[in-house]
Amino acid sequence: MKTAEIRGKALSELKEMLLSLKEEQFNLKMQKSMGQLENTSRAMAVKRDIARVKTLITEKSNNG
């Protein structure tokens, strides 16, 4: 997910996206612990996406 894609979203949409990404991250961690995770690079991509969304939430909340 590119930053430009999510920059245009509203604050409420970003918060919803953050919740869904955290849920996906949890599911990936569970799959990894059970040895069922096939796409290991997805876990790192989700982690980076969470960081991007958190950064944009902070920017939007500080700028009003």
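The values are calculated or read from the model by the stated rules, or taken from the named source; none is laboratory data. Not measured: the values here are computed from a predicted model. Reconstructed Cβ throughout: ideal geometry from the backbone, glycine too, with neighbour counts over all protein chains shown.
For Met1, are the conditions met, namely being of a type in the set (A, V, I, L, M, F, W, C) and in a helix (DSSP H, G or I)? It is false that Met1 is of a type in the set (A, V, I, L, M, F, W, C) and in a helix (DSSP H, G or I).
The set of residues in region 52-64 being farther than 12 Å from Ile6 by Cβ and either touching a strand residue (DSSP E or B) at 6+ places or on another chain (Cβ under 8 Å) or in a helix (DSSP H, G or I) (or both) consists of Thr58, Ser61, Asn62, Asn63.
The set of residues in region 28-42 that are surrounded by 12 or more Cβ atoms within 10 Å (Cβ to Cβ) and free of Cβ contacts under 8 Å to residues at least 12 places away in the same chain comprises Gln31, Lys32, Leu37.
On inspection, Lys2 does not qualify as surrounded by 12 or more Cβ atoms within 10 Å (Cβ to Cβ) and not β-branched (Val, Ile, Thr). Filtering region 37-64 to residues that are over 19 Å from Glu23 (Cβ atoms) and of a type outside the set (S, T, N, Q) leaves Glu59, Lys60, Gly64. Considering only residues in region 43-64 that are modelled with pLDDT of 95 or more and of a type in the set (Lys, Arg), the one that is surrounded by the most Cβ atoms within 10 Å (Cβ to Cβ) turns out to be Arg52. The residues in region 7-38 that are more than 17 Å from the chain's Cα centre (by Cα) and either under 20 Å from Ser61 (Cα atoms) or not in a loop (DSSP other than H, G, I, E, B) (or both) can be counted, and the count is 4.
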